[in-house]
1. Would you confirm, using the coordinates I've provided, whether A:Glu9 is within 13 Å of another protein chain (Cβ to nearest Cβ) and buried (at least 21 other Cβ atoms within 10 Å of the Cβ)?
2. Filtering the range B:296-312 down to residues that are in contact (Cβ under 8 Å) with a residue 60 or more places away in the chain and closer than 12 Å to B:Ala277 by Cβ, which residue is nearest to the chain's Cα centre (by Cα)?
3. Limited to the range A:116-136, what total is found for residues that are in contact with a helix residue (DSSP H, G or I) (Cβ under 7 Å, 6 or more places away or on another chain) and within 20 Å of B:Ser423 (Cα to Cα)?
4. Of all residues in the range B:390-411 being under 23 Å from B:Ile333 (Cα atoms) and within 11 Å of chain A (Cβ to nearest Cβ), which is modelled with the lowest pLDDT?
5. Residues that are within 8 Å of chain B (Cβ to nearest Cβ) and over 28 Å from B:Met44 (Cβ atoms): list the strands (runs of 3 or more DSSP E) wholly contained in the range A:32-147 that include at least 3 such residues.
6. So, in the range B:31-73, exactly how many residues are assigned to a strand (DSSP E or B), more than 18 Å from the chain's Cα centre (by Cα) and buried (at least 20 other Cβ atoms within 10 Å of the Cβ)?
7. What pairs can you find where one residue is in the range B:107-121 and buried (at least 19 other Cβ atoms within 10 Å of the Cβ), the other is of a type in the set (Gly, Ala, Ser) and part of a loop (DSSP other than H, G, I, E, B), and their Cβ atoms are less than 6 Å apart, with a gap of 6+ or different chains?
Amino acid sequence: MKKIIAKQEACMGCGLCEVYCTTAHSKSKDIVKAYNSEQPKPISRIRREVNKPVSFAIQCRHCEDAPCVTACLSGAMQKDQKTGEVTHNKDKCMGCWTCVMVCPYGALIMDKEGKVVAKCDLCQGLAEPACVANCPNQALVFKEVKP
Amino acid sequence: MSKYVIIGASAAGIAAVEAIRKVDLVGTITVITEEACAHYSKPMISDLVSGKAGIQKMKCKTDNFWKENNAEARMSKKAVSLNLSDKTVNLEDGEKIVYEKLLLATGGKPFVPKMEGQDKDSVFTFTNISDAQRLAAKIDSIHAKGAVVIGAGLIGISVTEALMKRGLKVTVVELQEKILSLLLDSKASDIVEAIIRKAGVNFATGQSVQKIVGRPDNDGAVGGVILTKGDQVACDLVIVAIGVIPRTELVVGTTVKINRGIVVDNFMQTNVPDVYAAGDVAEAYDFILNQNRLLPLWPLAVLEGRVAGYNMAGKKASYEGGTNMSSLKYFGIPIVSIGLANPKDDPTLEILVKLDAENNVYKKLVLKNNVIVGLTLVNCIDRAGILFNLMKTQTNVKKFKKDLLRDDFGLAVLPLGLQRKMSVVQ
C-alpha cells in the first residue's frame, strides 16, 4: 500500500503539515475558518515532533499488525483488508483512549472536544494527502511500501 | 463433529475465530455462547446505561461476522459439561458436540460477597449487556434517584459515571482506603477522587456494605445500605462491581489444571492436549511480573484468543504477554496505568514522579534496572503508547530517563538510534 514517509533530514519543523491536515479535515476546507471560527474545532492528525536540531512529522503508520486495532474496545478501529488502511469510525468510537495507550508512534490524537480519537485517513478522496502535497521541503512523501 | 469448538463468543472467542480462518479456511468452527448476541463490546455497557450508546453502536463486529468467517454461532446455548476423553461438549439442551480442538473462552463472572439482603430486587451485578439492560430498565421503571455502587475499581467508576449521567445520586463504597487502588498510587488516587467528588459522587472508603435494607413500604425492594462502620445510605439501587472471577466451572473436576484461572502455556494450551483457554478465564503471561496471572482485560483477551486460534489451526504462535494495563476516560480525566502502579518499598526500584497539582496532572514512572516497569499518567496521556513500547521492548532508558517526564515527550527526545528504530514504518 501507499504510505506517508517522513524524511527527517529534509524536515524544517515548520508545521505546515499540521496546518494543512487541520484544514483538510475541516468542514469549510478554508484555513482561516478552520482555525478561527469553525465548530467543532478541526484538529490535525499529523503531529510535528521537534527537539532541535531534530524534527519530523508523524502520523498513523497503518501498521500491518496494528496494536490499536487489536486493543480497540469498541470495534471503531479496523484494518481494511483490501486497502491496508487502518480506519477509524468515529461514530463507533467510545473515547476510551485504549488505542492512545498502545500506539507505539503516539500517532493517535485525542479530540478532547469530541471525546473521540482522530487519526490519519490518508486524505481519502484527495490525489495526495494534504500534508504531503503542502510540505514545502518535500520532507513528506507518499509512496508505495511493501507490507 | 466440529473441527474447532469455542465456548464463549466475546473478545477471546471472536479473535480465535479470526485467527483460525487466517490459517484454515475450511475446518468447521462452532461457537457456543449463552448470550443472545455476543459480538458486542463489554467495556461499553456503561454507555448503554448512560444512553450514550445503543446496541448497534455496541456491536464490535457486524452481524455478518459469523457468516463471513464461516463459523456456526450457537447463541443462547449453554455448555454444561465436558467429556475430555471423548472430546465432547455437552449442552444444556442435551446436544453433544464433538471437537478436535477446543477453546475455553468462558470469561469471568462477577464476584459477589455475602451480604444480608442481597437477594432484594434492584441489586445488580455489572458485567454484560443484559445486566446493563436490566439496570437501565429498572432506573426508568422505579424512577431511581439514588444508587450505591460497591467497588471503586474500573467497573465501579464506569457505572458510577453512567448513573450520574442519568441523574442519580451515587455513593461508592470501597473496601480499600483509596479508589482505583489496583491502578493508581495514593497521590494519583487522591487527584482522581477529588475530581469525581466534585462531580457530585460520594465515596465511603475503607469499608464495605454489611446489609442491604428494604424500603419501609416494601421490604423486597432496596431502600438503602448499612455500611460496616454503621452509617446508613439511602438508595433505590445497589450495583455490585467488585471484580470478576474466572468461569472455570466447566473444567472443575476434570484433568484440566486450574490455579485461580485455567493454567495455560505461552501457546494458550492447557495441560490437556487439544484444549486451549484464553481471555478472562485463563492465567496468561504478565511480562512485567514475569509470571502467569489473571488479567481480565479486553485487549489482552483478544491477543490471547488470537494466539489460541493460530495454534489450534496448526500455526505456531506464542503469546507475547500482557500486563495490568488500562486507560480510563471517566469524569473527563484521562488516565493510563500500565504495570506496577503502586509498588511497595523496594530498593531495587527507582521512581520518577512529576506533579502539576493545579492542573491535576500526574506522571509516574517505575524503573527497575533502568527498564520501565510501571507507568501512571493522569490527565496527560498523549503519546502514552511510546512509553508503553519502551516497556514492552524492555528498553534501557538510563541515558534519557529524565526526558521521559517532559511535557513534550515524544520520539524526538529519544537518542537518535532508538528514535530511528521506533519511528520506522512497520
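1. It is false that A:Glu9 is within 13 Å of another protein chain (Cβ to nearest Cβ) and buried (at least 21 other Cβ atoms within 10 Å of the Cβ).
2. The extreme case among them is B:Ala301.
3. So the answer is 2.
4. For the range B:390-411, the residue satisfying everything is B:Asp408.
5. Output list reads A:47-51, A:54-58.
6. 4
7. From the range B:107-121, the pairs are B:Gly107/B:Gly8; B:Gly107/B:Ser10.
Table: residues versus (1) assigned to a loop (DSSP other than H, G, I, E, B); (2) surrounded by 17 or more Cβ atoms within 10 Å (Cβ to Cβ).
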site	(1), (2)
B:Gln176	yes, no
B:Leu184	yes, yes
B:Arg197	no, no
B:Ala221	no, no
B:Ala284	no, yes
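The values are calculated or read from the model by the stated rules, or taken from the named source; none is laboratory data. None of the values given here were measured: they were computed from a predicted structure. All Cβ positions, even for glycine, are placed from backbone atoms using ideal geometry, and neighbour counts span all protein chains on display.
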